[in-house]
Amino acid sequence: MKRKRITTTSTAPGSRRTRSVAACDACRKLKTRCELLELDKQSIRCHRCKTLGLQCSYQDMDRAFFEAQKTSRSNSGEQGAHRTVEEHRVQREGPGVERKPEVVVHVEWLPRHMWKWFRTGSGEWQFFGQGNEDYDEENGGLNWSTPLAAIQSLTDSCYSGSSRPSNPSLSQSCRKLESILSKDQILLLLKLFDEKHSPWLNFDLIRSDSNPILDLVCCAVAARHLNEELRDAVSASLRLTTDDSVSKIIFLPRSSGSLEAIQVLLIIAFWDPLSGSTDETRDSHLLLASAISMALNLRLNEYPDRLLDARRSGNLNDHDMEDLTNKAKLWLTLTNADSLLSIGRKKTSLCTRGDTYNKLFPVPAGIPIGKSARQELRLRLLGNILDTCETGLSHQFASFGPEGFDRWYKRACDILSSFIPAERISEPLGVLSDVDKSPFHAITIISRTCHTLLIYHWRARRPSATSGPHSHPPNHSNATHWGKEALITCERTLLSIIEMDHRLLAPMPDFVFNYIIFLATYVIMIKFIVWNAMRRECQGLGDQLLSKAVDVLRRAGSLPDHPASKCAEVIHGMLNLWLYKERVLAHALANAPSTSDVADAVRTSTAPGLPETSQPATTTSTTTPSPPFEPPAEPYLFPSSTQQPQQLGLDFDWFNQSLTREFTSWDGFMQGSYTGYQ
């Protein structure tokens, strides 16, 4: 996000002009933005040098100089009238909705193949980069071979150092829930949690009178729905007390390995209590791992089979059957959560859900009636979707010959088709169900994310030309077919978000918003690739869908540190990169190593599908719409030619042959069968 630069006010009489402190040597050499965000550290370094672990010239400067500038700003009466272009702009977009500080997404954070290769002629391509490594963490790259982990890192990078100061008087010590909230406030928050969040758990909370930590966590999560004044008054204390309680559960598992502790960790893994701070992101999967370990110790993994046996025998009374059913649901929720927090992140799955749930929870013929029936249906749908996704992620080539590829491709298509039955039920229930609309909407989003993730995974992980001898290369027409299918799936999801009541988005688990960012990133990625290949924009309403989705997510978040708000601003930042793509491509072309011959080839190319132009990288397309957003305050956010390029784990050279054969025009790309609409 945009951050305030360190400025000093000129002391010349009558002067009201501000000037910026000179950038550090490393940033000045590379012509990149230099920001100093923290003065309270022992060693002063700019944000970029700190992030990349570089030596910073600020370390050799007098700390008093920086502190004097800080004091000068705070005492200046002209500060409000002379803000720099990088200060946060806050405005009202609607009743009670605050516009968030604008987030800046750096182009080098995105997959490099989106912006570092160009078509130089018919069937000819040039990649402006160095080295063959897929991933270089030392240069600050994001590993896009694990896209959902990369999305989380990208979001964290955008919001690094953006936490709001909390009230010290409210967070000095951990307190009991009753000392933070009144009895009426506790009841209100528990009711809010039950209405907005508990449907996502798909089981009834198991409470203990002797251990009130579950109530504490429910109140801490539900506090995000309070008005801002009350939320700011209690959220810091709730967060601190919750953190202390969770730490005791993790580090003292023997004394706290109970059903209540398992539920606490599961809830925190789904919804991180908000407190105005965005500096630290919990490892949700690590929390869930502790919960699963406790569940295995309590042998909860046996409850689905025990429930199936009990239903067949009919020997249990209603109370015991209800208890057995609820614990089986708890275990299946844990297994689903394990998959939801593992896929796309290279996390190791810690448990298996088996196949018993399909026998326990059949799909009804109509709208499920009753709370328990809705829980069972959601468990069944999520289990089917995640089983399909995990099967697809493990689907590998058996051999590299033509027959081996054909078998692989047929099986891959069958796997993609397996998402249809669950989505066919979840999508209408998000509209037709009288209650619990939000979870059914989210299941549809999850299904489409998994669908797109498999296509992304298969295309990025394809065998290279050196993998082995094969006369039938695997990057033939299925590349464009799947590209169309994934693009349509992503745009359909954005449309469903736009059509959804924004109040249904707010209570969704935090990870769902990472899924939404991934889908939006895929749309923008395809736009860049097609533009680079043909210098033509994609037909359709992709820009408008992204813009409107940002508006809806902003309304859903309403508070700056809500996951929906972060999701909106990250998508907004990426959309700005696309809207100002001429600057992106012009800079990449101008700073490419040894570009003289290549640049001439690009400028003089008259390949089919590539319009004649003297400066294709900077020529504005006649179809480019007016940007729906203000231009970013610092538009030239591009890697310098002297900097080691970001080596990101993603391979898009499979587009080379397919684009040449089938993408001679965008109209050709849009022709054909659209599986996504069938």
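The values are calculated or read from the model by the stated rules, or taken from the named source; none is laboratory data. All figures in this text were calculated on a predicted structure; none of them were measured in a lab. Using ideal geometry, Cβ is built from the backbone for each residue, glycine included, and neighbour counts are taken over all protein chains shown.
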Scan the stretch 335-349 and tell me whether some residue there is on the phi > 0 side of the Ramachandran plot, touching a residue at least 12 places away in the same chain (Cβ under 8 Å) and not polar (S, T, N, Q). yes
Residues in the stretch 311-355 that are surrounded by fewer than 18 Cβ atoms within 10 Å (Cβ to Cβ) and in contact with an Asp or Glu (Cβ under 7 Å, 6 or more places away or on another chain) total 1
Residue count for the stretch 233-256, restricted to those that are buried (at least 18 other Cβ atoms within 10 Å of the Cβ) and either of a type in the set (D, E, K, R) or not in a helix (DSSP H, G or I) (or both): 1
Please work out if Arg555 is under 24 Å from Ile420 (Cα atoms), in contact (Cβ under 8 Å) with a residue 24 or more places away in the chain and among the charged types (D, E, K, R). no
Some residue of the stretch 364-375 being more than 26 Å from Phe193 (Cα to Cα) and surrounded by 14 or more Cβ atoms within 10 Å (Cβ to Cβ): yes
Could you list, in sequence order, all residues of the stretch 387-428 that are under 17 Å from His441 (Cβ atoms) and either in a helix (DSSP H, G or I) or of a type in the set (Lys, Arg) (or both)? Ala422, Glu423, Arg424, Ile425, Ser426, Glu427, Pro428
Can we say Leu307 is touching a residue at least 12 places away in the same chain (Cβ under 8 Å), of a type in the set (A, V, I, L, M, F, W, C) and out of contact with any helix residue (DSSP H, G or I) (no Cβ under 6 Å at 6 or more places or on another chain)? no
Which helices (runs of 4 or more DSSP H) sit wholly inside the stretch 504-617 and have at least 3 residues that are at pLDDT 80 or above? 510-534, 542-557, 563-579
